[in-house]
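The values are calculated or read from the model by the stated rules, or taken from the named source; none is laboratory data. Just so it is clear, the model here is predicted, and its values are computed rather than measured. Cβ atoms come from the backbone with ideal geometry, glycine included; neighbour counts cover every protein chain shown.
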Amino acid sequence: MSRDDFHRQLLPKGVIQSNMMGQHLSDLEIELKETLCSDAVRTRQTLKVVSEFIDSGKISFLKELYLADRDTYLRALWSLPHGKDILIVGHNEGISALACYFTEQNIHLKTCGYVTISFPFGSWKETSMGTGTITHAYRPQVYFPD
């Protein structure tokens, strides 16, 4: 990635997908305790749009989530003082690796992809490899004619 990748803005397709994702999450009536978001420009923009549709709870913009690996995401999750529902707005390949780790399934999240992973625990500290179950998945589809 170039040095300017961190400052890259959402493309028009990303803005549309973010609106569609926000509406979808609103339709699910999720109740978030917290949102962990990469500090990159495009993840901040994504969250800003999504937050027009849902209450994102306490938002933490974390520089370390920019292009983070699975272990960085795990450290962020395991440091949370609660086991409530959270949203993570991040980047690949780390976010897909996190989903694979928790579910022991081959998951590759594409841009603006979303999965809900449920756990039988009351604390994030109790989660580990293979302890999560995918209960929902969604990715807004946007097509532009040639």
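Yes or no, residue by residue, for (1) under 26 Å from GLN9 (Cβ atoms); (2) touching a Pro at 6+ places or on another chain (Cβ under 8 Å); (3) crowded, with 16+ Cβ neighbours inside 10 Å; (4) β-branched (Val, Ile, Thr):
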residue	(1), (2), (3), (4)
HIS82	no, no, no, no
ASP85	no, no, no, no
ILE88	yes, no, yes, yes
CYS100	no, no, yes, no
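Got at least one residue in segment 53-64 being more than 23 Å from GLN141 (Cβ to Cβ), modelled with pLDDT of 95 or more, over 12 Å from the mean Cα position of the chain (by Cα) and of a type in the set (Gly, Ala, Ser)?
yes
Six or more apart or on different chains, Cβ under 7 Å: which pairs go from a residue in segment 17-29 that's at pLDDT 95 or above to one that's polar (S, T, N, Q) and buried (at least 18 other Cβ atoms within 10 Å of the Cβ)? Could you list them?
Close Cβ pairs satisfying both conditions: SER18/THR46.
Search segment 98-132 for residues being part of a loop (DSSP other than H, G, I, E, B) and of a type in the set (D, E, K, R), and hand back the single one that is farthest from PHE6 (Cα to Cα).
Of everything passing the filter in segment 98-132, GLU104 is farthest from PHE6 (Cα to Cα).
Do we find a residue being within 16 Å of LYS33 (Cβ to Cβ) and of a type in the set (Val, Ile, Thr) anywhere in segment 126-137?
Scanning segment 126-137 turns up at least one residue that is within 16 Å of LYS33 (Cβ to Cβ) and of a type in the set (Val, Ile, Thr).
Filter segment 117-127 down to the residues that are surrounded by fewer than 16 Cβ atoms within 10 Å (Cβ to Cβ) and under 18 Å from the mean Cα position of the chain (by Cα), then identify the one that is farthest from GLY90 (Cα to Cα). Spell out how you get there, then give the answer.
Within segment 117-127, the subset surrounded by fewer than 16 Cβ atoms within 10 Å (Cβ to Cβ) is 118-123, 125-126.
Those still in the list that are under 18 Å from the mean Cα position of the chain (by Cα) too: 118-119.
Working: SER118: 19, PHE119: 20 Å.
In this case the residue turns out to be PHE119.
Quick one: would you say ILE95 is touching a residue at least 40 places away in the same chain (Cβ under 8 Å), under 14 Å from THR35 (Cβ atoms), under 12 Å from the mean Cα position of the chain (by Cα) and not in a loop (DSSP other than H, G, I, E, B)?
Here the answer is no, as ILE95 does not meet what is asked.
Give LEU65, LEU47 a once-over and let me know the one that is among the aliphatic types (A, V, I, L, M), in contact with a helix residue (DSSP H, G or I) (Cβ under 9 Å, 6 or more places away or on another chain) and under 16 Å from GLN17 (Cβ atoms).
That would be LEU47, the only listed residue that is among the aliphatic types (A, V, I, L, M), in contact with a helix residue (DSSP H, G or I) (Cβ under 9 Å, 6 or more places away or on another chain) and under 16 Å from GLN17 (Cβ atoms).
Counting only residues that are among the basic types (Lys, Arg) and either farther than 29 Å from HIS82 by Cβ or in contact with a strand residue (DSSP E or B) (Cβ under 8 Å, 6 or more places away or on another chain) (or both), which one in segment 1-59 is surrounded by the fewest Cβ atoms within 10 Å (Cβ to Cβ)?
Across segment 1-59, the extreme among qualifying residues is ARG3.
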